[in-house]
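Participant: I'd like to ask some things about the structure below.
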Amino acid sequence: MTIQTQPPSALAEELKAHTGRFTDKAFDWNAFPSNAGFPELERAQMRYIGAGGSPKVGDTTTMQPDNFTVSLIYKEPGKYAACHSHEIEESFLIIDGTLVVGWEKDGEVVEVNLGPKDMILNAREIGHGFRVDGVEPVMMSISVDVGKPLPPVYHYHPKEHAPELARSFGAAPGKTLPFDPRGEHPLQQLMAQYVVRHHEQPVIWEDAGFTRKVYVGEGGIQHDTCRKEMWGVPSRVGVTAFTRPVEDAFLVLEGSLIVGWEENGETVEVELGPRDLVKTPAGRKHWFRNDSAAPATVWTVIGQADDDGVRYVAA
């Protein structure tokens with residue numbers, strides 16, 4: 001018996017090109033040339049949208065960025081990232097493990113310990129670094145809120161500073177403060193505006209039957225770049241097609257999710273598993289649903305800060 005198959009349509013090929021499969025990608029251990037020669041700084045990057053803070057902007061396996069980048073970072077226990085700053089916001093969403101993030105100003109550092117589904121939005125021009133003090137590796141999603149960020153500016157790199165000073169993000173002994181949302185130090189107060197604890201965020205139940213926790217946007221950190229939300233999609237829940245004036249990205253953290261596109265009456269779909277991502281361009285009709293027995297957890301990044309008028313309707 002001969003099975004007849006139709007070649008994929010242009011829309012299906014476009015959806016495939018906008019899908020990043022975790023199993024199709026590879027971690028790049030040489031994504032950050034400034035780490036070369038310093039084993040204590042080792043980390044690996046998996047690029048989905050853009051290059052993030054890496055200079056490897058010509059990677060053909062990643063999607064072209066518009067208003068934000070998305071990548072995964074893997075870092076092993078005992079390693080750290082040297083204190084640096086960016087011209088734009090950069091978020092760290094912890095997926096596995098615990099991560100210490102330090103903010104530095106005038107030789108003083110405030111450190112916060114983040115666990116799974118916690119996030120920090122690193123402020124513009126603030127020196128920040130991170131360190132894995134726990135016993136398990138850290139996997140996190142990094143999103144930079146501009147398509148092509150400038151190279152990072154390093155403040156305390158072991159190439160130019162003593163290793164113990166670089167590891168403490170620039171804090172001399174006695175100059176490190178713990179994160180305290182009620183603390184009196186100006187750097188504690190500033191950091192408190194940019195840290196999101198997953199368990200502290202209110203659950204928003206959409207009429208369409210899924211939940212949202214707003215990390216960046218109305219109800220979370222108020223900002224002027226991108227919105228970032230954690231969605232919970234129960235089994236057998238989905239929404240009808242909607243469009244945005246900007247791009248969005250769905251990164252599945254747990255479970256599975258079907259994402260569909262529509263154009264000129266044609267529909268195509270793709271099923272995402274853990275650490276798979278779909279980026280949907282501005283103006284494209286798209287929808288999602290969960291056909292599996294287990295709930296899905298989805299990290300969602302939307303390329304504008306303002307309300308885009310989308311109202312979700314149950315399918």
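The values are calculated or read from the model by the stated rules, or taken from the named source; none is laboratory data. Keep in mind it's a predicted model, so treat the numbers as computed, not measured. No Cβ is skipped: glycine too gets one built from the backbone with ideal geometry, and neighbour counts run over all protein chains shown.
Participant: Here are ARG275, ARG227: which of them is closer than 27 Å to LEU121 by Cβ and touching a helix residue (DSSP H, G or I) at 6+ places or on another chain (Cβ under 6 Å)?
Facilitator: Going through ARG275, ARG227 in turn, the sole match is ARG275.
Yes/no per residue for (1) touching a His at 6+ places or on another chain (Cβ under 9 Å); (2) at pLDDT 95 or above; (3) not assigned by TED's automatic domain parsing to the domain that holds ARG124:
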site: LEU187; (1), (2), (3): no, yes, no
site: GLU206; (1), (2), (3): no, yes, yes
site: GLY220; (1), (2), (3): no, yes, yes
site: CYS226; (1), (2), (3): no, yes, yes
site: THR240; (1), (2), (3): no, yes, yes
site: ARG244; (1), (2), (3): yes, yes, yes
site: ASP248; (1), (2), (3): yes, yes, yes
site: SER256; (1), (2), (3): no, yes, yes
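Participant: Further, regarding this structure: Output the residue which, of all residues in the stretch 196-211 that are touching a Phe, Trp or Tyr at 6+ places or on another chain (Cβ under 7 Å) and in contact (Cβ under 8 Å) with a residue 60 or more places away in the chain, is nearest to ASP96 (Cα to Cα).
Facilitator: VAL196
Participant: Could you run through the stretch 213-247 and say how many residues are free of Cβ contacts under 8 Å to residues at least 60 places away in the same chain, basic (Lys, Arg) and surrounded by 19 or more Cβ atoms within 10 Å (Cβ to Cβ)?
Facilitator: Matching residues across the stretch 213-247 total 1.
Participant: Also, quick follow-up: Considering only the stretch 86-96, state which residues are surrounded by fewer than 23 Cβ atoms within 10 Å (Cβ to Cβ) and modelled with pLDDT of 95 or more.
Facilitator: Hits for the stretch 86-96 are PHE92, ILE94, ILE95, ASP96.
Participant: Identify the residue in the stretch 253-273 that is charged (D, E, K, R) and closer than 22 Å to THR23 by Cβ and, among all such residues, is surrounded by the fewest Cβ atoms within 10 Å (Cβ to Cβ).
Facilitator: Applying the filter and picking the extreme gives GLU271.
Participant: Are any residues in the stretch 254-286 of a type outside the set (D, E, K, R), without any contact (Cβ under 8 Å) to a residue 40 or more places away in the chain and farther than 23 Å from MET230 by Cβ, and if so, which ones?
Facilitator: ASN264, GLY265, THR267
Participant: Tell me, please, whether a residue that is at positive phi, surrounded by 15 or more Cβ atoms within 10 Å (Cβ to Cβ) and either outside the structural domain of TYR215 (by TED's automatic domain parsing) or of a type in the set (Lys, Arg) (or both) can be found in the stretch 36-54.
Facilitator: yes
Participant: Can I ask one more? If you take the residues in the stretch 291-315 that are touching a residue at least 60 places away in the same chain (Cβ under 8 Å) and farther than 28 Å from THR225 by Cα, which one is surrounded by the most Cβ atoms within 10 Å (Cβ to Cβ)?
Facilitator: The extreme case among them is PRO295.
Participant: If you don't mind, there's one more thing I want to ask. Can you find a residue in the stretch 53-65 that is within 23 Å of THR300 (Cα to Cα), basic (Lys, Arg) and more than 15 Å from the chain's Cα centre (by Cα)?
Facilitator: Checked the stretch 53-65: no residue is within 23 Å of THR300 (Cα to Cα), basic (Lys, Arg) and more than 15 Å from the chain's Cα centre (by Cα).
Participant: Here's a follow-up. Could you check the stretch 165-185 and list, in sequence order, the residues that are outside any loop (DSSP other than H, G, I, E, B) and either without any contact (Cβ under 8 Å) to a residue 24 or more places away in the chain or not assigned by TED's automatic domain parsing to the domain that holds GLU40 (or both)?
Facilitator: LEU165
Participant: For the stretch 186-211: of the residues being part of a loop (DSSP other than H, G, I, E, B) and farther than 21 Å from TRP231 by Cβ, which is nearest to the chain's Cα centre (by Cα)?
Facilitator: Once the filter is applied, the top-ranked residue is TYR194.
Participant: Here's a check for you: in the stretch 55-79, which residue that is charged (D, E, K, R) and touching a Lys or Arg at 6+ places or on another chain (Cβ under 6 Å) is surrounded by the most Cβ atoms within 10 Å (Cβ to Cβ)?
Facilitator: LYS75
Participant: Only one of these is of a type in the set (Asp, Glu) and under 27 Å from LYS213 (Cα atoms): GLU111, GLU160. Name it.
Facilitator: GLU111
Participant: Somewhere in the stretch 175-183, is a residue hydrophobic (A, V, I, L, M, F, W, C), closer than 30 Å to LEU257 by Cβ and surrounded by 18 or more Cβ atoms within 10 Å (Cβ to Cβ)?
Facilitator: No, every residue in the stretch 175-183 fails to be hydrophobic (A, V, I, L, M, F, W, C), closer than 30 Å to LEU257 by Cβ and surrounded by 18 or more Cβ atoms within 10 Å (Cβ to Cβ).
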